[in-house]
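Inspection log for the structure reproduced underneath, given as structure tokens.
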Amino acid sequence: MHIEERIHIAVPPSVIDQIWSEVDQWHLWDPDTKQALLNGPFAVGTKGRITPRKGMGVPMVVTERTEGRSFTVEGYIPLFRMHFEHMVSPTADGSEVAHRVWFTGPLAFLFAPGIAKQVREGLPHTMRSLKAYAEKRHRPDGVDV
């Protein structure tokens, strides 16, 4: 089961990538995130913790990172993994951003349906919020604020 949302954002991919790399600021554009922290650089293997607005915090680890293009974090509890993949690609007038979520592990059958419902409801809001945040942050004259 994959859940995916895409949105066009009128900023270059470098702006999106910079926003993504500021993990402790994710709550400013992701309405479902209360807090996110990494215990080191925004790089593969770095561990941290993400706390949703509703529910308990879970450990996370960066499992993929291609600067300027993508990253994936995995949230985990015993026997259940939540994978959050983020991709950005250039367009003629900005970027196309995609967020994809899927679940793995022996207990996915138990946890995934409820979490998937929350993700399906929340992800469109998150994408619109990222768009507003990025476009406000990046002025049309090319200067970032």
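Every read-out reported here was derived from the displayed coordinates using simple, explicitly stated rules and does not represent laboratory data. Treat the numbers as computed from the prediction; the structure is a model and nothing was measured. FYI the Cβ positions are ideal-geometry reconstructions off the backbone, even for glycines, and counts take in every protein chain you see.
Structural remarks
- Helix 108-137 axis, angle to the chain major axis (alpha carbon atoms, nearest 10°): 20 degrees
- Considering only 93, 24, 32, the mean-square fluctuation computed in a Gaussian network model of the chain, springs between alpha carbons under 10 angstrom, is largest for 93.
- If you take all other residues with their beta carbon under 14 Å from the beta carbon of residue 127, and give Lys and Arg +1 and Asp and Glu -1, the sum is -3.
- Gain on full stretching of the segment that runs from residue 58 to residue 14 - 0.36 nm per residue minus C-alpha separation: 13.0 nm
- Listed candidates (1) 55, 27, 26; (2) 42, 35, 28; (3) 49, 31, 24 - label of the one calculated as Cα extents along the principal axes in Å: (3)
- Charge context of residue 111, other residues only, Cβ under 13 angstrom, K/R +1, D/E -1: +2
- Summing charges over neighbours of residue 5, with a neighbour being any other residue whose Cβ is under 10 Å away from its Cβ, gives +3 when K and R count +1 and D and E count -1.
- For the options 50, 77, 19, a Gaussian network treatment of the chain with springs between C-alpha atoms closer than 10 Å singles out 77 as fluctuating the most.
- Pairwise FRET efficiency - residue 109 versus residue 66, Cβ, R0 = 25 Å, nearest 0.05: 0.20
- Residue with peak Gaussian network fluctuation, the chain [Cα springs, cutoff 10 Å], from 11, 119, 44: 44
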